[in-house]
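Take a look at the structure set out below.
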Amino acid sequence: MWHILGAGSLGSLWAVRLARAGVPVQLILRDSTRLAAYQRAGGLTLVERGNARLYPLPAQTAADPTPIQRLLVACKAYDAEAAVAQLAPRLTADAELLLLQNGLGSQDSVAARVPHARCILACSTEGAFRDGDFRVVFAGHGHTWLGDPRDLSAPAWLDDLQRSGIVHDWSLDILSRLWRKLALNCAINPLTVLYDCRNGGLAEHPAEVATLCAELSELLHTCGQPSAASDLHDDVLRVIQATAANYSSMHQDVAQGRRTEIAYLLGHACAAARRHRLVLPHLDTLHARLLNHLQARRLPSH
Ligand code: NAD
Ligand code: KPL
């Protein structure tokens, strides 16, 4: 049984694919009001290639007393720790958590809350968004890397993902993957917010992108992640070109007045630099500009 905490975009996408492959799943919703709304909706709707289909998956709230052995944590990074803490009493002695959060920082906070559980980290390039309550659009096929920095052995349940069509690989260096994605995100997303442009619009700011990549590479080396730094600038330029027509996830969050995951992305990078007494003036200035931008829009800066 997979318990799925957070029936948003990615949680719903995982839940539906697992359930379709015959893997038992149980959604955990925020509270009884959300559970009642879910029951009225009759289940989760997944839209794939323009076709919508309803999946009446079972759901419960954190108050349910049944034990949890395998938990997919599909909340935003800023909600993950509190959401998992609520479930801590239900976790079995051999519990395993799969953490889908973007960026870095939330995974350590979650692990500290449930020290007996195995925490497996994920880094995903899949894309999904909500276009209604309990309705999710599978927007971009991608790849998910999974790994555990404390225990390199792959869990047997990777077969469940295989059967479900969740394209994945077990990574022996998941932290490197997460740092690389964080660096790409720091080089692209904040600038798209500040210039209010699509990713492709950054082609007009080559010097700024290059300077940020140089500082991010220095940070990655200092944090013991040299392979995450390798060819970073070329990769950033490649992503800018390949996703030129898209708005970055942070741009979408700000445009829709949603809280961003800044504390786990650029905020995490700047905090790591400070911890290492590394002076990265352009990254710091970018962070300050982004915080001002968010504050002016009354959006949280953490
Ligand atoms: P989302 O906002 O669509 O879904 C999060 C869900 O968690 C929401 O439904 C929210 O109500 C729920 N939630 C929060 N606290 C809860 C609690 N205490 N109990 C139960 N439910 C709770 O977010 P998302 O887009 O699915 O993103 C989840 C994570 O995955 C983020 O860190 C994001 O950066 C990462 N990610 C998302 C995508 C994507 O395409 N959506 C791709 C890669 C990575
Ligand atoms: O991950 C991204 C995002 O928008 O969050 C990309 C497309 C890589 C841009 O940083």
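The values are calculated or read from the model by the stated rules, or taken from the named source; none is laboratory data. Quantities reported herein were computed from a predicted structural model and do not represent experimental measurements. With ideal geometry, Cβ positions are generated from the backbone for all residues, glycine too; neighbour counts draw on all protein chains shown.
Overview of results
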{"item": "Condition met for Ala139 (at pLDDT below 95, within 16 Å of ligand 1 (Cβ to nearest atom) and touching a strand residue (DSSP E or B) at 6+ places or on another chain (Cβ under 8 Å))", "result": "yes"}
{"item": "Residue that is nearest to ligand 2 (Cβ to nearest atom) [pool: residues in segment 52-83 that are within 24 Å of Arg40 (Cβ to Cβ) and part of a helix (DSSP H, G or I)]", "result": "Asp79"}
{"item": "Helices (runs of 4 or more DSSP H) lying entirely in segment 192-302 (those with 3 or more residues that are surrounded by 17 or more Cβ atoms within 10 Å (Cβ to Cβ))", "result": "206-222, 232-242, 249-255, 266-275, 281-296"}
{"item": "Residue check, Thr33 hydroxyl-bearing (Ser, Thr, Tyr), in a strand (DSSP E or B), assigned by TED's automatic domain parsing to the domain that holds Cys123 and modelled with pLDDT of 95 or more", "result": "no"}
{"item": "Lone qualifier among Asp160, Asp169, Asp151 - being in contact (Cβ under 8 Å) with a residue 24 or more places away in the chain, among the charged types (D, E, K, R), assigned to a loop (DSSP other than H, G, I, E, B) and more than 16 Å from ligand 2 (Cβ to nearest atom)", "result": "Asp151"}
{"item": "Members of segment 237-258 that are within 11 Å of ligand 2 (Cβ to nearest atom) and within 19 Å of the chain's Cα centre (by Cα)", "result": "Val239, Thr243, Asn246, Tyr247, Ser248, Ser249, Met250, His251, Gln252, Asp253"}
